[in-house]
Amino acid sequence: MTDSKYFTTTKKGEIFELKAELNSDKKEKKKEAVKKVIASMTVGKDVSALFPDVVNCMQTDNLELKKLVYLYLMNYAKSQPDMAIMAVNTFVKDCEDPNPLIRALAVRTMGCIRVDKITEYLCEPLRKCLKDEDPYVRKTAAVCVAKLHDINAQLVEDQGFLDTLKDLISDSNPMVVANAVAALSEIAESHPSSNLLDLNPQSINKLLTALNECTEWGQIFILDCLANYTPKDDREAQSCFPLSVSPICPLGTDPSICERVTPRLSHANSAVVLSAVKVLMKFMEMLSKDLDYYGTLLKKLAPPLVTLLSAEPELQYVALRNINLIVQKRPEILKHEMKVFFVKYNDPIYVKLEKLDIMIRLASQANIAQVLAELKEYATEVDVDFVRKAVRAIGRCAIKVEQSAERCVSTLLDLIQTKVNYVVQEAIVVIKDIFRKYPNKYESVIATLCENLDSLDEPEARAAMIWIVGEYAERIDNADELLESFLEGFHDESTQVQLQLLTAIVKLFLKKPTETQELVQQVLSLATQDSDNPDLRDRGYIYWRLLSTDPVAAKEVVLAEKPLISEETDLIEPTLLDELICYIGTLASVYHKPPSAFVEGGRGVVHKSLPPRTASSESTESPETAPAGVPSSEQPDVIPAQGDLLGDLLNLDLGPPVSGPPLASSSVQMGAVDLLGGGLDSLMGDEPEGIGGPNFVTPPAAAVPANLGAPMGSGLSDLFDLTSGVGTLSGSYVAPKAIWLPAMKAKGLEISGTFTRQVGSISMDLQLTNKALQVMTDFAIQFNRNSFGLAPAAPLQVHAPLSPNQTVEISLPLNTVGSVMKMEPLNNLQVAVKNNIDVFYFSTLYPLHILFVEDGKMDRQMFLATWKDIPNENEAQFQIRDCPLNAEAVSSRLQSSNIFTVAKRNVEGQDMLYQSLKLTNGIWVLAELRIQPGNPSFTHLQLSLKCRAPEVSQHVYQAYETILKN
């Protein structure tokens, strides 16, 4: 009979009966009772009252019974920690049992009992099991160390278990090695600075030896560990490749990591294949493209990736998402495998769409005919979403492969002739992009497009058609009639269509002013006076003012030459792509987001990046080298190269201009006339007639000039904060001095210090103490490259020799124009100090608030626009508990450290502060601070941060906490 009978009883008084059975002398009856207890526990009944009786059953030789008791113990130990101590003696005893299965079972259960009280009692049994003669026990104990570290990290370090784990990497049994690597990797992820897996060619050789013999999951652990290895110097780097590539290799090591990982590509488990691909992709970064071995690796990587596509759909999808990343990084790997990505009739839609995306990425002049034939076929499918994507793909091919553009346009026209509504609409959207890419080339098709005007009902298609009519109005005889037909239902259109219609009619007016004056006045009136949409209203006012003051300037603005659209607008940003390549085979590679974007909290998220390319390949393909004709002095040396993470973020960060009153300019052709007529007041409705009515009345010259700001009574003065000058003294929080370099490590020189920021100047306040027996002279200081380019702005000046037992205090001015390199953590600063005795090195963490600049206040509109513009995945949430300040005090305290409150409101009794700050390298951080009243003397703060450089958020939060709690 099966065990299902244990789940069917629901008798009353059952606990009492079970108690009696558990204390029975008969072994069989005892085992039956424990099974009933486990069954009750499984269906959610509370059987914790039986804890002492079940624990008494531990003293048995029966393995099945022991497993059941251990299962019960794991479930209830947390709720009954005092009772759990009763089981400690049995654990200790079981860890010395002659049966290795019982020893392993005991150590596994020990790791699963997450009770602080008993962890210290388990250290001795765990130590014995880590050195057990049986490999099964050792491999189980290795995993137990990681679990114990999660409960009490300090205890594990004090007991020396981490060193024992490192020793297990050299174990003779491959499964022990794999589990030791897995445990160390898990611990290292939660403590990134611990440097536990300090790999070198010798330890890597041991891992590679174990790789051939351990289970598939063991192989994944080892391969993931190898993927994290970055050679420390050229000699180590050469051990990654065969002798033909690297003539030098360290003694006693196998010459090639890549050669020994390559066989994993043919493994049956797709996870092993992807982990092996990840290792090879990382090491290929260090190879020059000119080498034959680089080509060999490319050829070896293609077949396993193709094979993954013959699996079931779910696996195919994961493989395709990873291939999408690989193709963006190295398209040459799969450039000859286009046919594999052709869609099958029975593929699920998510596989079809992903294949389509990869087809476009692989499209080239060589295979474009084949691709277009496929795409045309797809456009006649029944699945509407897929057809839309296929039509868009044809347009993307035209933009990517110039030679195919004519063929693509011809294909799109054939599809328009089918008169299938959604096909026609998608075709018009992509033809608009083709016009942008190849101006004055395919405009002959406009007549065909205009024929389908009435069938357009989707906003994107209508907006695209309106753009085409406005852009080529001089070639369309009845352009005014076409646009007027759209104008009839102006208020029913979506915002996208309204904005496009407004611009198109203004373009038409500038090209044919005499025929369309009435039309343009009508649309401007609709956009400004009858619309509630601020975007539409603002654009309408700007066009109205431009046209009424200077039509020539209006023509230059509205009819300016458009920049050509880029070939690939949907490529992942290079720095993010490099990070995602390091996460191939994980969830990050499926989401196409770094783990920090979807793993809650900072724990366990380590930012990874590919190693820098070798010098030979850098010179041939580095896009960031200066153009030949540009003198090196003109290259901004404070902004790092494009490949550097912070450099990318700088280039991407579309922060607002420096706040404060704009400078008056006498050279502007439009003179002192305010573009917006009666100043800002007129916009807000104070002068409804002064906005230049239908007859384009020129606004009065006596309007308030923009550079003087709005009148104080207008309610807008606080928006520009004209009273807060940049040069005001900010009492930024200064941390107390800490010892950075103890005397015992620096031959008697002790260095303490802190960082300060006052009136826009950063200083490192140092205290040098001579605890040696000799005089110290000739001091100098130097910083290593760091994340924000911090560097000494002047030499370290110790004016007199430093005698024994003497202390001197120095304030060293700093600037932020030094060399930039991303550090881990971001605010790490490595310093070298020299004197007449020696050179000494130390590192310290500087508080990020010393980099918050004085012009970090955004105006409200810019704040709102920037907050919306930054993607939601860049938002980070934090809590600051027990803050002893109310909303006013919080705002004031933060402002003294250059965190500015842009707006404040009260929602359901909670104060909300909206704040902005700007770092010295131009990165803006926006904050929403929700102040929740706690007890009378403390409040809790909920902090949301948005920034284009999400790795900055954690450090900004630490700055908030430091400023508010000190």
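Annotations for the structure displayed:
- Listed values for segment 113-124 are Karplus-derived 3J(HN,Hα) couplings in whole Hz (6.51 cos²θ - 1.76 cosθ + 1.60, θ = phi - 60°), namely 8, 8, 10, 4, 4, 9, 4, 5, 6, 8, 5, 5, and x replaces Gly and Pro.
- Using heavy atoms of the protein chains and a probe of 1.4 Å, the accessible area assigned to F779 is about 30 Å².
- Sequence-distant aspartates and glutamates (8 or more away, or on other chains) whose Cα lies within less than 20 Å of K512: E443, E471, E474, D477, D480, E481, E484, D550, E556, E561
- For segment 742-879, accessible area per residue (1.4 Å probe, heavy atoms of protein chains only), Å²: 47
- With a cut-off of 9 Å between beta carbons, the residues surrounding L353 carry a summed charge of 0, where Lys and Arg count +1 and Asp and Glu -1.
- Counting only residues at least eight positions apart within a chain, or on another chain, the lysines with an alpha carbon under 19 Å from that of K511 are K555, K562.
- Members of K26/K66; K289/K376; K335/K419; K278/K344; K432/K593 lying beyond 24 Å, as alpha-carbon distances in this model show: K289/K376; K335/K419; K278/K344; K432/K593
- Charge dipole of segment 473-514 about the Cα centre (unit charges at C-beta), most positive-ward option of H491, T514, N478: T514
- Computed on segment 381-495, with alpha-carbon pairs under 8 angstrom and 6+ residues apart, the relative contact order is 21 percent.
- Each Lys and Arg adds +1 at its Cβ and each Asp and Glu adds -1 at its Cβ; summed about the Cα centre, segment 61-146 shows a dipole of about 280 debye.
- Annotation: lysines with alpha-carbon distance below 20 angstrom to K747 (same-chain offsets under eight excluded): K771, K834.
- Look at the Cα gyration tensor of segment 358-438: its axes a ≥ b ≥ c give a/c of at least 1.5 with a/b at or below b/c, and that counts as oblate.
- For segment 413-462, the carbon plus sulfur part of the accessible surface works out to 46%, probe radius 1.4 Å.
- When each of K30/K147; K441/K868; K282/K355; K67/K147; K29/K131 is checked by Cα-Cα distance, pairs over 28 Å: K30/K147; K441/K868; K29/K131
- Both radii were evaluated on the Cα set of segment 778-856; the Rg over Rh quotient, with Rh as the Kirkwood radius, amounts to 1.01.
- Accessible area per residue, Å², segment 275-350 with all protein chains present, probe 1.4 Å: 41
- Across all Cα atoms of segment 785-928, the radius of gyration (one decimal) and Dmax (whole number) stand at 20.1, 65 Å.
- Dipole magnitude for segment 14-235: about 560 debye, using +1 per Lys or Arg Cβ and -1 per Asp or Glu Cβ, origin at the Cα centre.
- Coordinate range of the alpha-carbon atoms in segment 862-966 per principal axis, descending: 38, 29, 22 Å.
- For the listed residue pairs K139/K329; K737/K918; K507/K918, the alpha carbons are over 29 angstrom apart in K139/K329; K507/K918.
- Apportionment of accessible area to carbon and sulfur, segment 738-846, percent (1.4 Å): 50
- A Förster radius of 60 Å combined with the Cβ-Cβ distance from K29 to R930 puts the calculated FRET efficiency at roughly 0.50.
- Around the Cα centre of segment 738-846, unit charges on the Cβ atoms of Lys, Arg, Asp and Glu (plus for the first two, minus for the last two) sum to a dipole of about 180 debye.
- The residues of segment 16-61 present an accessible area of 53 Å² per residue when probed at 1.4 Å with all protein chains retained.
- Q767 paired with S266, simple spin-label distance in nm, labels 7 Å along Cα-to-beta-carbon: 6.8
- Computed from backbone phi, the HN-Hα couplings of segment 295-306 come to x, 4, 5, 4, 5, 6, 7, 5, x, x, 5, 5 Hz, rounded to whole numbers (Karplus: 6.51 cos²θ - 1.76 cosθ + 1.60, θ = phi - 60°; Gly and Pro given as x).
- Furthest towards positive pole of dipole, S172, L65, Q219, structure part segment 14-235, Cβ charges: L65
The values are calculated or read from the model by the stated rules, or taken from the named source; none is laboratory data. Bear in mind the structure is a predicted one, so any value in this text is a computation, not a measurement. Virtual Cβ from ideal backbone geometry, glycine too; neighbours counted across all protein chains shown. The protein model used for the area step is the full one, side chains on, heavy atoms only, and it has no ligands, DNA or RNA in it. Shrake-Rupley method; radii C 1.70, N 1.55, O 1.52, S 1.80 Å.
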